[in-house]
């Protein structure tokens with residue numbers, strides 16, 4: 001009977017052996033991403049910066065260039081106009097202005113003229129934005145600490161450190177991507193980063209679980225070989241799950257419409273990055289953190305007796 | 001052998017059936033929905049970006065009210081200090097960093113304790129520090145906290161009343177954080193009108209009622225010609241449902257609600273009937289109500305709010321102590337409502353709009369359609385992939401994947417959670433991630449079979465071995481999402497709910513549903529070889 005095998009059975013990749021290169025590579029990528037985020041910054045959407053978004057259907061085919069100048073001249077800061085779908089459909093974004101919101105909206109509506117259908121109008125004050133950022137950072141930080149504690153209790157403290165290191169790697173790349181390609185960083189981008197994080201931690205824990213199991217089973221095996229064995233044993237599952245999740249996100253990207261697509265793209269990257277980090281960052285990193293193997297001795301350890 | 005008890009199989013199928021039943025109303029079209037029995041007519045709450053409408057976030061300017069309160073304390077203190085012949089250089093509300101304090105500089109330091117007494121008598125919730133001739137006073141933290149709570153609560157009441165009056169259906173008005181209020185108005189595309197309404201600081205006013213003109217009762221729907229007289233206007237008072245009485249009111253404002261400090265439902269000790277006690281502030285209000293009541297003794301006067309007469313009682317006595325009772329033929333409820341209206345008549349603090357989003361219904365409908373398509377497509381792709389990878393076993397997990405989605409919908413419906421656009425994306429993603437547990441188990445079974453174990457035993461072993469891994473990885477996610485929910489806000493919370501639900505449900509479908517199906521299938525197959 002036909003069966004799809006992404007990874008053939010019984011692979012013996014020496015992943016830990018290449019870990020020096022991979023970890024160096026990952027470190028360089030992290031440094032590059034973080035310096036982009038620090039020096040170039042993120043392309044904050046109006047969710048964070050404050051400003052106005054209009055999604056409109058014009059009654060005629062507009063000249064975007066003219067319209068941009070026209071809206072620019074009313075003095076509400078920088079104007080960005082985007083066409084999507086039909087030529088009459090426009091997405092107009094304006095930066096925060098000092099004027100009152102009602103006045104600003106009225107000015108824009110006057111300038112666009114009559115006959116325009118307003119599909120979506122958003123205004124955000126800049127204060128709300130900065131609160132959103134600080135709340136999100138706080139929530140994510142606490143979530144990371146909680147997961148670190150959980151892994152530390154269930155495995156060993158070193159495992160927790162490695163998992164969180166992999167997570168930070170993922171987050172750095174996601175944020176770096178937003179900065180390098182300048183994708184708009186909005187409220188949903190935080191959700192995308194969170195999804196990536198939860199996928200990645202899930203992936204890492206599965207591999208760690210196998211490493212723990214093998215630590216108990218093969219007490220004499222070299223740590224390097226043991227980690228390699230565990231990675232190879234789980235490789236089929238790792239790729240399969242990444243594939244199904246990617247398929248789901250891909251259909252979001254293709255069919256989900258404009259808003260969801262902008263959300264699906266970073267998640268796609270996130271799943272790839274999260275899978276990479278589970279295999280090439282989290283697990284090889286264990287080599288350098290001095291795991292106490294006697295803790296996994298069945299006769300000494302309480303946790304081992306649960307199995 | 002993989003053994004699943006009969007009870008477990010039975011309860012699993014019952015739960016899945018319940019899930020299907022409660023998910024159904026959200027998935028069928030309007031026509032079928034109307035035919036469903038009443039207990040099933042609950043659908044998933046759609047977020048505003050999906051159903052169309054407006055979302056407004058307001059900030060209550062508590063600082064300005066706090067300052068006003070401090071100013072009134074200073075005014076009163078100034079008077080009392082003069083009365084007691086305590087001489088001072090300065091008495092004022094001072095801005096310091098981000099807060100304001102009451103500052104008094106006395107001529108003689110001997111007066112300090114007396115001045116302190118005066119201050120704490122005016123407002124007992126003051127923290128007063130004396131330093132020689134200088135006195136600093138701030139309103140205590142705990143009082144401020146209660147103070148802002150009360151003000152935000154009152155603001156919400158006023159907002160609700162005004163929005164209800166505007167005829168907007170199903171508004172959601174929520175407190176957010178310390179000083180924020182979120183107003184959600186489904187179906188309102190242009191919130192400009194509502195914002196105008198919320199911007200007004202409606203003021204309660206007291207007017208005399210003209211004695212030469214008569215009140216005119218009007219039934220609902222009937223036309224009415226109101227007589228006119230200079231200086232007099234007819235304003236409507238809704239007495240009972242369907243009956244409005246137009247009361248002739250003198251245009252001149254005798255007293256404003258600003259002087260009203262409290263209004264409470266009460267019981268008239270003489271008649272035992274519900275009434276409303278009102279209390280005016282100690283300085284201006286008391287004096288004015290005394291004047292007003294002696295002028296209109298045994299005559300009618302009216303309380304007017306937003307162009308409507310709230311109540312038009314008769315003064316029975318001269319009111320000297322700043323408090324009064326409004327009696328009439330109130331029911332308990334009416335009296336409570338009136339008290340609330342009087343209390344909440346004018347906005348206690350200015351409101352600033354800090355965020356506003358509105359979505360037209362067509363865009364919302366498009367988003368729902370897109371989300372549906374994406375979800376269906378994700379389901380089909382993942383199903384194909386699973387069947388290609390694991391054959392029959394892949395098909396089993398497709399069944400449980402389907403139940404997974406249905407249960408997720410059912411849980412969202414029953415919990416009253418709101419489905420947002422990222423929420424739909426979350427569901428589609430759950431589809432991708434939910435099969436993970438099955439993949440883990442199947443891979444494990446394959447490993448066991450390769451070790452040469454008999455297939456039926458390998459299945460049981462695979463389940464046993466994968467269990468630990470699945471629990472660890474899912475619990476990590478669960479711990480993370482609970483913390484996110486606890487500390488996050490808005491969209492992060494919504495995401496955390498979907499994620500946590502998805503995790504728990506996928507645990508259930510893996511260990512109950514897929515396992516039951518496989519066990520039942522195995523029993524039929526007896527001991528034949530199994531290819532996975």
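Just so it is clear, none of the values below were taken in a lab; they were calculated from the coordinates. Please read all numbers here as calculations on a predicted model, not as lab measurements. Reconstructed Cβ throughout: ideal geometry from the backbone, glycine too, with neighbour counts over all protein chains shown.
Once the chain from residue B:482 to residue B:318 is taken as fully extended at 0.36 nm per residue, the excess over their C-alpha distance is 52.9 nm.
Rounded to the nearest 5, what is the percent of antiparallel bridges among the DSSP beta bridges in chain A?
Around 90 percent of the beta bridges assigned by DSSP in chain A are antiparallel ones.
Placing a pseudo-label 7 Å from each Cα along the Cα-to-Cβ vector at residue A:49 and residue B:92 gives an inter-label distance of 4.1 nm.
Working from the Cα coordinates of chain B, the gyration tensor eigenvalues give, after taking √(5λ), semi-axes of 66, 32, 19 Å in decreasing order.
Hydrodynamic estimate: the Kirkwood radius of the range B:1-111 over Cα pairs, inserted into Stokes-Einstein at 37 °C and 0.692 mPa s, corresponds to D of 152 µm²/s.
Placing dummy labels 7 Å off each Cα toward the beta-carbon, the span from residue B:21 to residue B:78 is 7.2 nm. Descending by average beta-carbon neighbour count within 10 Å, the peptides B:132-141, B:358-367 line up as B:358-367, B:132-141, the highest first. Take the Cα coordinates of the range A:196-298, assign each an equal point scatterer, and use the Debye formula without solvent to give log10 I(q)/I(0) at q = 0.14, 0.16, 0.23, 0.24 Å⁻¹. These q points yield log10 I(q)/I(0) values of -0.59, -0.70, -1.14, -1.21.
Relative intensity of chain A on a log10 scale, I(q)/I(0) at q = 0.16 Å⁻¹, equals -1.27, per a Debye sum over C-alpha point scatterers of equal strength in the absence of solvent. What FRET efficiency comes out for residue B:531 versus residue B:7 if R0 is 35 angstrom and r is the Cβ-Cβ distance? Round to the nearest 0.05. Efficiency, rounded to the nearest 0.05: 0.70. Helix A:223-255 and the long axis of chain A differ in direction by around 20°, with both axes built from C-alpha atoms.
Take the Cα of residue B:85, step 7 Å toward its Cβ, do the same at residue B:267, and the gap between the two points is 5.1 nm.
Counting Cβ atoms of other protein chains within 10 Å of each residue's Cβ and taking the mean over peptide A:146-159 gives 3.
Residue by residue along B:374-381, Cβ atoms of other protein chains within 10 Å of the local Cβ number 6 on average.
Which of A:227, A:279, A:254 moves most in a GNM of chain A, Cα contacts under 10 Å? The residue that fluctuates most here is A:254. Legend: calculated FRET efficiency, residue B:130 to residue A:95, from the Cβ-Cβ distance at R0 = 41 Å, rounded to 0.05, equals 0.25.
Rounded to the nearest 10 degrees, the angle from helix A:101-112 to the longest Cα principal axis of chain A is 70 degrees. Angle between the Cα long axis of helix B:62-83 and the longest principal axis of chain B, 0 to 90 degrees, nearest 10? Helix B:62-83 and the main axis of chain B meet at about 30 degrees. Across peptide B:47-58, the average count of Cβ atoms from other chains found within 10 Å of a residue's Cβ is 1.
Remark: C-alpha extents of the protein assembly as shown on the principal axes read 105, 72, 66 Å, sorted largest to smallest. Between residue B:331 and residue B:222, the FRET efficiency estimated from the beta carbon spacing at R0 = 35 angstrom works out to 0.85. In summary, the convex hull built on the alpha carbon positions of the range B:63-132 has an orientation-averaged projected area of 4.5 nm².
Taking A:186, A:111, A:262 as the candidate residues, the one with maximal mean-square fluctuation in a Gaussian network model of chain A, Cα springs under 10 Å, is A:111.
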